[in-house]
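For reference, the structure is listed below as C-alpha coordinates.
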Amino acid sequence: MTEMAKLSLPDGKSMELPVLTGSENEKAIDISDLRKKTGYITLDPGFANTGVCESKISYIDGEHGILRYRGFPIEELAENPSFVEVAYLLINGELPNKMQLENFADRISLHSMIHEDMRHFFEGFSQNSHPMVILSAMISSLSAYYSEASGKASMEDLEINSARLIAKISTIAAFSYKKSVGQPFVYPRDELSYSANFLNMMFSVPAEPFELDPEIERSLELLLVLHADHEQNCSASTVRVVGSSEANVYASVASGILALWGPLHGGANQQVVQMLQKIHMDGTGISKYIEKAKNQYSNFRLMGFGHRVYKNFDPRAKILKNECDRILSKLGINDPLLDIALELEEIALSDDYFIERKLYPTLDFYTGIIYRALGIPLNMFTVMFVLGRVPGWIAQWKEMHEDAKQKIARPRQLYTGQTKRKYVPIAERV
Ligand code: CMC
(Lines give C-alpha, C1' and ligand atoms only; values in the text may rest on other atoms or scores of the structure.)
Protein backbone atom coordinates (compact mmCIF):
# COMPACT_ATOMS: atom_id res chain seq x y z
CA MET A 1 0.00 0.00 0.00
CA THR A 2 1.28 3.48 -0.87
CA GLU A 3 2.35 5.52 2.15
CA MET A 4 0.71 8.94 2.34
CA ALA A 5 1.88 12.29 3.73
CA LYS A 6 -0.70 14.76 4.96
CA LEU A 7 -0.45 18.42 4.08
CA SER A 8 -2.53 20.94 6.04
CA LEU A 9 -2.90 24.36 4.48
CA PRO A 10 -3.63 27.72 6.15
CA ASP A 11 -7.02 28.06 4.42
CA GLY A 12 -8.18 24.89 6.17
CA LYS A 13 -7.71 22.67 3.11
CA SER A 14 -5.68 19.53 3.44
CA MET A 15 -4.38 16.95 1.03
CA GLU A 16 -2.98 13.45 1.17
CA LEU A 17 0.18 13.13 -0.91
CA PRO A 18 1.66 9.80 -2.02
CA VAL A 19 5.12 9.02 -0.65
CA LEU A 20 7.31 7.24 -3.21
CA THR A 21 10.32 5.12 -2.29
CA GLY A 22 13.35 4.73 -4.54
CA SER A 23 15.35 1.52 -4.87
CA GLU A 24 17.87 2.79 -2.30
CA ASN A 25 15.03 3.69 0.09
CA GLU A 26 15.06 7.38 -0.76
CA LYS A 27 11.74 9.07 -0.07
CA ALA A 28 9.87 11.54 -2.27
CA ILE A 29 6.51 13.25 -1.79
CA ASP A 30 4.59 13.24 -5.06
CA ILE A 31 3.11 16.71 -5.45
CA SER A 32 2.10 16.40 -9.11
CA ASP A 33 -1.62 16.98 -8.30
CA LEU A 34 -1.01 19.66 -5.67
CA ARG A 35 -1.95 22.72 -7.70
CA LYS A 36 -4.90 21.05 -9.38
CA LYS A 37 -6.37 20.01 -6.02
CA THR A 38 -5.41 22.94 -3.77
CA GLY A 39 -4.32 25.90 -5.95
CA TYR A 40 -0.96 25.97 -4.15
CA ILE A 41 2.46 25.54 -5.75
CA THR A 42 5.78 24.75 -4.06
CA LEU A 43 8.72 27.17 -4.11
CA ASP A 44 12.23 25.74 -4.26
CA PRO A 45 14.93 28.02 -5.74
CA GLY A 46 17.71 26.01 -7.36
CA PHE A 47 15.52 22.86 -7.09
CA ALA A 48 17.47 21.92 -3.95
CA ASN A 49 14.55 19.77 -2.67
CA THR A 50 12.80 18.95 -5.90
CA GLY A 51 13.01 15.71 -7.83
CA VAL A 52 12.08 16.24 -11.47
CA CYS A 53 12.04 12.65 -12.64
CA GLU A 54 12.46 9.04 -11.69
CA SER A 55 15.77 7.78 -13.05
CA LYS A 56 17.63 4.48 -13.26
CA ILE A 57 20.92 5.89 -14.59
CA SER A 58 23.13 6.99 -11.73
CA TYR A 59 22.79 6.98 -7.98
CA ILE A 60 24.47 9.37 -5.55
CA ASP A 61 24.39 9.15 -1.78
CA GLY A 62 25.95 12.48 -0.87
CA GLU A 63 26.03 11.71 2.86
CA HIS A 64 28.14 8.59 2.38
CA GLY A 65 30.17 9.57 -0.70
CA ILE A 66 28.62 6.95 -2.99
CA LEU A 67 28.34 7.15 -6.77
CA ARG A 68 27.10 4.29 -8.93
CA TYR A 69 26.36 4.05 -12.65
CA ARG A 70 23.46 1.65 -13.27
CA GLY A 71 24.23 0.07 -9.87
CA PHE A 72 27.99 -0.37 -10.41
CA PRO A 73 30.20 1.46 -7.87
CA ILE A 74 32.39 4.12 -9.50
CA GLU A 75 35.44 2.63 -7.75
CA GLU A 76 34.93 -0.67 -9.62
CA LEU A 77 34.39 1.02 -12.98
CA ALA A 78 37.56 3.03 -12.36
CA GLU A 79 39.75 -0.03 -11.79
CA ASN A 80 40.10 -0.96 -15.45
CA PRO A 81 38.56 2.05 -17.05
CA SER A 82 36.92 1.65 -20.46
CA PHE A 83 35.05 4.74 -21.54
CA VAL A 84 33.23 3.12 -24.46
CA GLU A 85 32.02 0.29 -22.21
CA VAL A 86 30.74 2.78 -19.63
CA ALA A 87 29.05 4.80 -22.39
CA TYR A 88 27.26 1.61 -23.51
CA LEU A 89 26.27 0.86 -19.92
CA LEU A 90 24.83 4.31 -19.29
CA ILE A 91 22.88 4.49 -22.54
CA ASN A 92 21.64 0.87 -22.66
CA GLY A 93 21.34 0.04 -18.96
CA GLU A 94 23.52 -3.11 -18.92
CA LEU A 95 27.17 -3.93 -19.44
CA PRO A 96 27.76 -5.11 -23.02
CA ASN A 97 28.95 -8.60 -23.91
CA LYS A 98 32.03 -8.87 -26.13
CA MET A 99 30.15 -8.66 -29.40
CA GLN A 100 27.88 -5.82 -28.26
CA LEU A 101 30.92 -3.85 -27.16
CA GLU A 102 32.74 -4.42 -30.45
CA ASN A 103 29.70 -3.36 -32.46
CA PHE A 104 29.21 -0.26 -30.30
CA ALA A 105 32.89 0.71 -30.56
CA ASP A 106 32.86 0.09 -34.34
CA ARG A 107 29.81 2.24 -34.72
CA ILE A 108 31.49 5.08 -32.85
CA SER A 109 34.65 4.77 -34.98
CA LEU A 110 32.55 4.74 -38.15
CA HIS A 111 31.10 8.15 -37.30
CA SER A 112 34.24 9.91 -36.14
CA MET A 113 34.70 12.16 -39.17
CA ILE A 114 32.73 15.38 -39.49
CA HIS A 115 31.25 16.53 -42.81
CA GLU A 116 34.07 18.20 -44.73
CA ASP A 117 31.99 21.40 -45.04
CA MET A 118 32.04 21.71 -41.26
CA ARG A 119 35.84 22.15 -41.33
CA HIS A 120 35.22 25.59 -42.79
CA PHE A 121 33.06 26.61 -39.82
CA PHE A 122 36.22 26.75 -37.71
CA GLU A 123 37.54 29.55 -39.93
CA GLY A 124 34.69 31.80 -38.77
CA PHE A 125 35.84 31.78 -35.14
CA SER A 126 38.53 34.13 -33.93
CA GLN A 127 41.79 32.54 -32.77
CA ASN A 128 40.92 33.51 -29.18
CA SER A 129 37.48 31.91 -29.10
CA HIS A 130 37.00 29.73 -26.06
CA PRO A 131 36.81 26.09 -27.25
CA MET A 132 33.54 25.63 -25.31
CA VAL A 133 31.87 28.20 -27.58
CA ILE A 134 33.16 26.43 -30.68
CA LEU A 135 32.14 23.05 -29.32
CA SER A 136 28.59 24.09 -28.52
CA ALA A 137 28.12 25.85 -31.88
CA MET A 138 29.50 22.89 -33.81
CA ILE A 139 27.36 20.33 -31.95
CA SER A 140 24.29 22.44 -32.56
CA SER A 141 25.28 22.62 -36.26
CA LEU A 142 25.23 18.83 -36.49
CA SER A 143 21.39 19.14 -36.52
CA ALA A 144 21.73 20.77 -39.93
CA TYR A 145 23.39 17.62 -41.29
CA TYR A 146 21.29 14.99 -39.54
CA SER A 147 17.79 16.40 -39.75
CA GLU A 148 16.23 12.99 -39.00
CA ALA A 149 17.36 13.41 -35.38
CA SER A 150 14.03 14.77 -34.16
CA GLY A 151 12.95 14.59 -30.53
CA LYS A 152 10.68 11.70 -31.49
CA ALA A 153 13.59 9.86 -33.08
CA SER A 154 13.07 6.15 -33.45
CA MET A 155 15.37 4.10 -31.25
CA GLU A 156 17.36 3.14 -34.34
CA ASP A 157 17.97 6.79 -35.16
CA LEU A 158 18.92 7.48 -31.56
CA GLU A 159 21.52 4.71 -31.70
CA ILE A 160 23.12 6.32 -34.75
CA ASN A 161 22.83 9.81 -33.33
CA SER A 162 24.39 8.69 -30.04
CA ALA A 163 27.34 7.18 -31.90
CA ARG A 164 27.67 10.33 -34.00
CA LEU A 165 27.67 12.54 -30.92
CA ILE A 166 30.19 10.49 -28.94
CA ALA A 167 32.47 10.15 -31.97
CA LYS A 168 32.26 13.60 -33.52
CA ILE A 169 32.56 15.55 -30.30
CA SER A 170 36.10 14.28 -29.83
CA THR A 171 37.01 15.24 -33.43
CA ILE A 172 35.44 18.68 -33.00
CA ALA A 173 37.18 19.21 -29.64
CA ALA A 174 40.58 18.32 -31.12
CA PHE A 175 39.98 20.48 -34.21
CA SER A 176 39.07 23.46 -32.01
CA TYR A 177 42.39 23.02 -30.19
CA LYS A 178 44.30 22.76 -33.48
CA LYS A 179 42.57 25.93 -34.66
CA SER A 180 43.65 27.76 -31.48
CA VAL A 181 47.32 26.82 -31.95
CA GLY A 182 47.32 27.30 -35.72
CA GLN A 183 48.18 23.67 -36.56
CA PRO A 184 46.62 21.54 -39.31
CA PHE A 185 43.64 19.40 -38.34
CA VAL A 186 44.49 15.74 -37.79
CA TYR A 187 41.80 13.34 -38.99
CA PRO A 188 40.48 10.54 -36.76
CA ARG A 189 41.96 7.04 -37.01
CA ASP A 190 39.49 4.22 -36.62
CA GLU A 191 41.97 1.59 -35.43
CA LEU A 192 42.76 3.55 -32.25
CA SER A 193 40.85 3.43 -28.97
CA TYR A 194 38.60 6.38 -28.13
CA SER A 195 41.22 8.06 -25.93
CA ALA A 196 44.17 7.21 -28.17
CA ASN A 197 42.34 8.62 -31.19
CA PHE A 198 41.61 11.85 -29.33
CA LEU A 199 45.22 12.21 -28.15
CA ASN A 200 46.45 11.56 -31.68
CA MET A 201 44.13 14.23 -33.13
CA MET A 202 45.24 16.66 -30.40
CA PHE A 203 48.97 16.19 -30.36
CA SER A 204 50.24 14.64 -33.59
CA VAL A 205 51.56 16.88 -36.34
CA PRO A 206 52.33 15.94 -39.96
CA ALA A 207 56.01 16.85 -39.56
CA GLU A 208 56.98 14.12 -37.11
CA PRO A 209 55.87 10.70 -35.84
CA PHE A 210 53.63 10.68 -32.78
CA GLU A 211 54.24 8.12 -30.06
CA LEU A 212 51.28 7.47 -27.86
CA ASP A 213 52.08 6.96 -24.19
CA PRO A 214 49.82 4.16 -22.82
CA GLU A 215 49.99 5.74 -19.34
CA ILE A 216 48.48 8.93 -20.70
CA GLU A 217 45.85 6.95 -22.59
CA ARG A 218 44.89 5.09 -19.39
CA SER A 219 44.67 8.29 -17.41
CA LEU A 220 42.43 9.87 -20.00
CA GLU A 221 40.13 6.81 -20.04
CA LEU A 222 39.82 7.11 -16.26
CA LEU A 223 38.99 10.82 -16.45
CA LEU A 224 36.33 10.18 -19.07
CA VAL A 225 34.77 7.36 -17.04
CA LEU A 226 34.65 9.48 -13.86
CA HIS A 227 32.86 12.29 -15.71
CA ALA A 228 30.37 10.12 -17.60
CA ASP A 229 27.21 10.86 -15.57
CA HIS A 230 26.15 12.56 -12.38
CA GLU A 231 22.34 12.41 -12.27
CA GLN A 232 20.26 15.64 -12.30
CA ASN A 233 22.99 18.31 -12.19
CA CYS A 234 22.68 21.68 -13.93
CA SER A 235 23.75 20.52 -17.41
CA ALA A 236 21.89 17.18 -17.35
CA SER A 237 18.76 19.04 -16.26
CA THR A 238 19.34 21.51 -19.10
CA VAL A 239 19.56 18.65 -21.60
CA ARG A 240 16.28 17.26 -20.22
CA VAL A 241 14.54 20.66 -20.16
CA VAL A 242 15.55 21.48 -23.73
CA GLY A 243 14.76 17.93 -24.90
CA SER A 244 11.34 18.08 -23.23
CA SER A 245 10.19 20.57 -25.88
CA GLU A 246 11.09 17.85 -28.42
CA ALA A 247 14.15 19.77 -29.54
CA ASN A 248 16.54 17.31 -31.18
CA VAL A 249 19.35 15.55 -29.32
CA TYR A 250 22.09 17.77 -30.84
CA ALA A 251 20.32 20.98 -29.78
CA SER A 252 19.75 19.51 -26.31
CA VAL A 253 23.39 18.47 -25.87
CA ALA A 254 24.64 21.81 -27.25
CA SER A 255 22.59 23.54 -24.53
CA GLY A 256 24.03 21.16 -21.93
CA ILE A 257 27.53 22.14 -23.03
CA LEU A 258 26.80 25.81 -22.38
CA ALA A 259 25.27 25.06 -18.97
CA LEU A 260 28.34 23.03 -18.07
CA TRP A 261 30.66 25.89 -19.02
CA GLY A 262 29.67 28.03 -16.00
CA PRO A 263 32.35 28.32 -13.29
CA LEU A 264 30.04 26.92 -10.60
CA HIS A 265 29.61 23.75 -12.67
CA GLY A 266 32.08 22.15 -15.12
CA GLY A 267 33.93 25.43 -15.69
CA ALA A 268 35.25 25.01 -12.15
CA ASN A 269 38.06 22.74 -13.40
CA GLN A 270 39.66 25.65 -15.29
CA GLN A 271 39.03 27.99 -12.35
CA VAL A 272 40.73 25.64 -9.88
CA VAL A 273 44.01 25.67 -11.79
CA GLN A 274 43.80 29.45 -12.32
CA MET A 275 43.32 29.79 -8.55
CA LEU A 276 46.26 27.49 -7.79
CA GLN A 277 48.42 29.39 -10.30
CA LYS A 278 47.47 32.67 -8.62
CA ILE A 279 48.40 31.35 -5.18
CA HIS A 280 51.68 30.01 -6.60
CA MET A 281 52.61 33.29 -8.33
CA ASP A 282 51.58 35.33 -5.31
CA GLY A 283 53.92 33.29 -3.12
CA THR A 284 52.58 34.70 0.17
CA GLY A 285 50.93 31.48 1.32
CA ILE A 286 47.53 29.90 1.42
CA SER A 287 45.92 31.32 4.55
CA LYS A 288 45.08 34.62 2.85
CA TYR A 289 42.97 32.72 0.30
CA ILE A 290 41.27 30.60 2.96
CA GLU A 291 40.32 33.78 4.85
CA LYS A 292 39.01 35.36 1.64
CA ALA A 293 36.88 32.28 0.88
CA LYS A 294 35.40 32.48 4.39
CA ASN A 295 34.61 36.18 4.18
CA GLN A 296 30.92 36.64 3.38
CA TYR A 297 31.63 40.07 1.87
CA SER A 298 34.13 38.70 -0.63
CA ASN A 299 32.85 36.92 -3.73
CA PHE A 300 35.92 34.65 -3.76
CA ARG A 301 35.18 30.93 -3.32
CA LEU A 302 37.57 28.07 -2.98
CA MET A 303 37.08 26.60 -6.43
CA GLY A 304 36.70 22.83 -6.56
CA PHE A 305 35.25 22.85 -3.03
CA GLY A 306 31.61 22.25 -2.11
CA HIS A 307 28.83 20.40 -3.83
CA ARG A 308 25.05 20.53 -3.69
CA VAL A 309 24.77 16.77 -3.14
CA TYR A 310 28.06 15.56 -1.63
CA LYS A 311 28.12 16.47 2.04
CA ASN A 312 30.86 14.04 2.89
CA PHE A 313 33.48 13.32 0.24
CA ASP A 314 33.23 13.09 -3.53
CA PRO A 315 34.31 9.51 -4.38
CA ARG A 316 35.63 10.72 -7.75
CA ALA A 317 37.98 13.17 -5.99
CA LYS A 318 39.39 10.30 -3.89
CA ILE A 319 40.17 8.27 -7.02
CA LEU A 320 41.66 11.30 -8.76
CA LYS A 321 43.89 12.24 -5.85
CA ASN A 322 45.54 8.82 -6.19
CA GLU A 323 45.66 9.18 -9.96
CA CYS A 324 47.45 12.53 -9.59
CA ASP A 325 50.21 10.79 -7.62
CA ARG A 326 50.34 7.84 -10.03
CA ILE A 327 50.48 9.72 -13.32
CA LEU A 328 52.77 12.51 -12.14
CA SER A 329 55.29 10.00 -10.82
CA LYS A 330 55.01 7.81 -13.98
CA LEU A 331 55.64 10.86 -16.16
CA GLY A 332 58.34 12.18 -13.83
CA ILE A 333 56.52 15.49 -13.33
CA ASN A 334 56.88 17.58 -10.21
CA ASP A 335 54.00 20.06 -10.35
CA PRO A 336 54.14 22.75 -7.64
CA LEU A 337 50.38 23.21 -8.08
CA LEU A 338 49.81 19.72 -6.67
CA ASP A 339 51.68 20.66 -3.50
CA ILE A 340 49.56 23.80 -3.17
CA ALA A 341 46.37 21.80 -3.77
CA LEU A 342 47.30 19.27 -1.08
CA GLU A 343 48.11 21.98 1.43
CA LEU A 344 44.93 23.87 0.60
CA GLU A 345 42.87 20.73 1.06
CA GLU A 346 44.48 19.94 4.40
CA ILE A 347 43.96 23.45 5.79
CA ALA A 348 40.37 23.71 4.53
CA LEU A 349 39.41 20.28 5.87
CA SER A 350 40.53 21.22 9.36
CA ASP A 351 38.87 24.65 9.35
CA ASP A 352 35.50 25.05 11.13
CA TYR A 353 34.04 27.13 8.28
CA PHE A 354 34.46 24.26 5.81
CA ILE A 355 33.65 21.55 8.36
CA GLU A 356 30.36 23.17 9.44
CA ARG A 357 29.25 23.71 5.84
CA LYS A 358 30.42 20.23 4.79
CA LEU A 359 32.59 21.60 2.00
CA TYR A 360 34.89 18.94 0.54
CA PRO A 361 37.02 18.83 -2.59
CA THR A 362 35.14 17.64 -5.67
CA LEU A 363 36.53 15.96 -8.80
CA ASP A 364 37.31 19.38 -10.30
CA PHE A 365 39.86 19.99 -7.58
CA TYR A 366 42.21 17.37 -9.03
CA THR A 367 41.36 17.02 -12.71
CA GLY A 368 43.22 20.15 -13.80
CA ILE A 369 46.50 18.90 -12.35
CA ILE A 370 46.12 15.67 -14.32
CA TYR A 371 45.14 17.50 -17.53
CA ARG A 372 48.26 19.66 -17.18
CA ALA A 373 50.38 16.52 -16.83
CA LEU A 374 48.75 15.07 -19.98
CA GLY A 375 49.59 18.26 -21.90
CA ILE A 376 45.99 19.48 -22.20
CA PRO A 377 45.89 23.30 -22.24
CA LEU A 378 43.93 25.23 -19.60
CA ASN A 379 41.13 26.44 -21.86
CA MET A 380 40.42 22.83 -22.93
CA PHE A 381 39.76 21.53 -19.41
CA THR A 382 35.99 22.02 -19.52
CA VAL A 383 35.93 20.57 -23.04
CA MET A 384 37.46 17.40 -21.53
CA PHE A 385 34.60 17.33 -19.02
CA VAL A 386 32.16 17.49 -21.96
CA LEU A 387 33.83 14.54 -23.74
CA GLY A 388 33.26 12.42 -20.66
CA ARG A 389 29.72 13.66 -19.95
CA VAL A 390 28.18 13.14 -23.42
CA PRO A 391 27.09 9.50 -22.81
CA GLY A 392 25.38 10.60 -19.58
CA TRP A 393 23.51 13.39 -21.37
CA ILE A 394 22.40 10.98 -24.09
CA ALA A 395 21.22 8.49 -21.47
CA GLN A 396 19.27 11.24 -19.64
CA TRP A 397 17.72 12.47 -22.92
CA LYS A 398 16.76 8.91 -23.91
CA GLU A 399 15.30 8.06 -20.51
CA MET A 400 13.20 11.22 -20.55
CA HIS A 401 11.76 10.35 -23.97
CA GLU A 402 10.98 6.81 -22.86
CA ASP A 403 9.17 7.98 -19.71
CA ALA A 404 5.44 8.29 -20.40
CA LYS A 405 5.06 10.57 -17.35
CA GLN A 406 7.41 13.27 -18.66
CA LYS A 407 5.93 16.50 -19.96
CA ILE A 408 7.40 19.68 -21.37
CA ALA A 409 9.40 21.34 -18.56
CA ARG A 410 7.46 24.38 -17.44
CA PRO A 411 8.01 25.50 -13.84
CA ARG A 412 5.62 27.87 -12.06
CA GLN A 413 6.52 31.06 -10.20
CA LEU A 414 5.28 33.10 -7.27
CA TYR A 415 4.51 36.50 -8.76
CA THR A 416 5.65 39.38 -6.52
CA GLY A 417 5.39 42.28 -8.99
CA GLN A 418 2.81 45.11 -9.33
CA THR A 419 -0.87 44.28 -9.17
CA LYS A 420 -3.13 45.51 -11.97
CA ARG A 421 -2.78 49.22 -12.74
CA LYS A 422 -3.85 51.57 -15.51
CA TYR A 423 -1.60 52.51 -18.43
CA VAL A 424 -0.51 56.18 -18.24
CA PRO A 425 0.16 58.00 -21.57
CA ILE A 426 3.70 59.43 -21.73
CA ALA A 427 2.49 63.06 -21.71
CA GLU A 428 0.81 62.49 -18.35
CA ARG A 429 3.79 60.82 -16.65
CA VAL A 430 5.79 62.82 -14.11
N1 CMC B 1 34.19 28.34 -0.88
C2 CMC B 1 33.74 29.03 0.18
N3 CMC B 1 32.49 28.95 0.66
C4 CMC B 1 31.64 28.11 0.05
C5 CMC B 1 32.03 27.35 -1.07
C6 CMC B 1 33.37 27.49 -1.53
N7 CMC B 1 33.78 26.78 -2.61
N8 CMC B 1 30.98 26.61 -1.51
C9 CMC B 1 29.96 26.90 -0.68
N10 CMC B 1 30.34 27.81 0.26
C11 CMC B 1 29.55 28.32 1.39
C12 CMC B 1 28.53 29.34 0.91
O13 CMC B 1 29.06 30.64 0.96
C14 CMC B 1 27.42 29.12 1.90
O15 CMC B 1 27.79 29.74 3.12
P16 CMC B 1 26.65 30.42 4.07
O17 CMC B 1 25.76 29.28 4.47
O18 CMC B 1 27.42 31.02 5.19
O19 CMC B 1 25.94 31.43 3.22
C20 CMC B 1 27.43 27.62 2.13
O21 CMC B 1 28.79 27.23 1.88
C22 CMC B 1 26.48 26.84 1.24
O23 CMC B 1 26.79 27.16 -0.13
P24 CMC B 1 25.72 27.28 -1.27
O25 CMC B 1 26.26 28.15 -2.34
O26 CMC B 1 24.39 27.63 -0.69
O27 CMC B 1 25.63 25.75 -1.76
P28 CMC B 1 25.11 25.25 -3.15
O29 CMC B 1 24.74 23.84 -2.95
O30 CMC B 1 24.05 26.15 -3.66
O31 CMC B 1 26.38 25.40 -4.12
C32 CMC B 1 28.36 24.97 -5.30
C33 CMC B 1 27.17 24.36 -4.53
C34 CMC B 1 29.09 23.83 -5.98
C35 CMC B 1 27.82 25.90 -6.40
C36 CMC B 1 29.29 25.74 -4.34
O37 CMC B 1 29.78 24.87 -3.35
C38 CMC B 1 30.44 26.44 -5.05
O39 CMC B 1 30.25 27.57 -5.52
N40 CMC B 1 31.63 25.80 -5.14
C41 CMC B 1 32.74 26.36 -5.89
C42 CMC B 1 32.53 26.12 -7.38
C43 CMC B 1 32.83 24.70 -7.74
O44 CMC B 1 33.88 24.15 -7.39
N45 CMC B 1 31.91 24.06 -8.53
C46 CMC B 1 32.08 22.68 -8.99
C47 CMC B 1 31.03 21.78 -8.43
S48 CMC B 1 31.40 20.05 -8.69
C49 CMC B 1 31.33 19.78 -10.39
C50 CMC B 1 29.95 19.73 -10.89
O51 CMC B 1 29.28 18.69 -10.74
O52 CMC B 1 29.51 20.70 -11.47
**OP:** Considering the options L337, Y297, V309, tell which one lies farthest towards the positive end of the dipole of segment 267-374, charges being +1 on Lys and Arg and -1 on Asp and Glu at the Cβ, about the Cα centre.
**Re:** V309
**OP:** Round to the nearest 10 and give me the degree value, 0 to 90, for the angle of helix 131-145's Cα axis relative to the longest principal axis of the chain.
**Re:** 80 degrees
Original post:
Hey, which aspartates and glutamates would be in cross-link range of K56, C-alpha to C-alpha under 17 Å, not counting anything within fewer than 8 residues on its own chain?
Top reply: E24, E26, E94, D229, E231, E399, E402, D403
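Might you report the magnitude of the Cβ-based charge dipole of segment 267-374 about its Cα centre, with Lys and Arg at +1 and Asp and Glu at -1, to the nearest 20 debye?
Working: 15 positive and 14 negative charges, 78 e Å.
Taking the Cα centre of segment 267-374 as origin, the dipole is about 380 debye.
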**OP:** Just tell me which aspartates and glutamates come within less than 14 Å, Cα to Cα, of K27; anything on the same chain fewer than 8 places away is out.
**Re:** E3, E54, D61
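Cα gyration tensor of segment 4-51, axes a ≥ b ≥ c as square roots of the eigenvalues: rounded (a/c below 1.5), prolate (a/b > b/c) or oblate?
Working: a/c = 2.46, a/b = 1.44, b/c = 1.71.
Oblate is the answer for segment 4-51, as a/c is 1.5 or above yet b/c matches or exceeds a/b.
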**OP:** Just check segment 154-303 against the gyration tensor rule for me: Cα atoms, a ≥ b ≥ c as the square roots of the eigenvalues, rounded for a/c under 1.5, and otherwise prolate or oblate depending on whether a/b exceeds b/c.
**Re:** oblate
Subject >> Estimated FRET transfer efficiency when R0 is 35 angstrom, pair Q183-L331 (beta carbons, to 0.05) >> reply: 0.95
Original post:
Got a number for carbon plus sulfur as a percent of segment 307-430's accessible area, 1.4 Å probe?
Top reply: 52 percent
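Go through K6/K37; K311/K405; K37/K405 and tell me which ones have a Cα-Cα distance over 21 Å in this structure. Working shown, then result.
Working: K6/K37 13 Å; K311/K405 31 Å; K37/K405 19 Å.
Beyond 21 Å: K311/K405.
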**OP:** Would you look at the GNM of the chain, springs on alpha carbons closer than 10 Å, and say which of M303, M384, M275 moves the most?
**Re:** M275
Original post:
What accessible area per residue comes out for segment 43-188, rounded to a whole number of Å², with a 1.4 Å probe?
Top reply: 49 Å²
Original post:
Is the shape of segment 267-374 best called rounded, prolate or oblate, per the rule: a/c under 1.5 gives rounded, else a/b larger than b/c gives prolate, else oblate, with a ≥ b ≥ c the square roots of the Cα gyration tensor eigenvalues?
Top reply: oblate
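How large is the dipole of the chain about the Cα centre if only Lys and Arg carry +1 and Asp and Glu carry -1, each at its Cβ, rounded to the nearest 20 debye?
Numbers: 45 positive and 54 negative charges, 430 e Å.
So the dipole magnitude of the chain works out to roughly 2060 debye.
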Subject >> Partner lysines for K178 [C-alpha distance under 16 Å; skip if fewer than 8 residues away on the same chain] >> reply: K168
Original post:
How much net charge surrounds S235 when only the other residues with a Cβ under 12 Å from the Cβ of S235 are counted, with Lys and Arg +1 and Asp and Glu -1?
Top reply: 0
Subject >> C-alpha center-to-center spacing [segment 386-417, segment 95-123] in angstrom >> reply: 25 Å
Original post:
Using a 1.4 Å probe, how large is the accessible area of R164, given in Å² and rounded to the nearest 10?
Top reply: 30 Å²
Original post:
V133 accessible area, nearest 10 Å², 1.4 Å probe?
Top reply: 60 Å²
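Contact order normalised by length for segment 267-374, with contacts defined as Cα pairs under 8 Å and 6 or more residues apart; what percent is it?
Working: 113 pairs, mean separation 45.8, N = 108.
Relative contact order here is 42 percent.
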Original post:
Where the centroid of each part is defined by its Cα atoms, how far is segment 32-57 from segment 154-219 in Å?
Top reply: 41 Å
Subject >> Options Q183, S193, S219, ranked by Cα towards positive dipole end of the chain, top entry (Cβ charges) >> reply: Q183
Original post:
In a GNM of the chain with a 10 Å cut-off on Cα contacts, which of K318, K178, K288 has the highest mean-square fluctuation?
Top reply: K288
Original post:
Taking springs between alpha-carbon atoms closer than 10 angstrom, which of M281, M132, M113 fluctuates most in the Gaussian network model of the chain?
Top reply: M281
**OP:** Mind checking which of H120, A409, A137 is farthest towards the positive end of the chain's charge dipole, using Cβ charges of +1 (Lys, Arg) and -1 (Asp, Glu) about the Cα centre?
**Re:** A409
Original post:
So what is the relative contact order of the chain, in percent, for Cα pairs below 8 Å that sit 6 or more residues apart?
Top reply: 20 percent
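The values are calculated or read from the model by the stated rules, or taken from the named source; none is laboratory data. All values reported here derive from a predicted model rather than from experimental measurement. Note that each Cβ is placed from the backbone with ideal geometry, even for glycine, and that neighbours are counted across all protein chains shown. Surface areas here come from the heavy atoms of the whole protein model, side chains and all, with no ligands, DNA or RNA. Shrake-Rupley method; radii C 1.70, N 1.55, O 1.52, S 1.80 Å.
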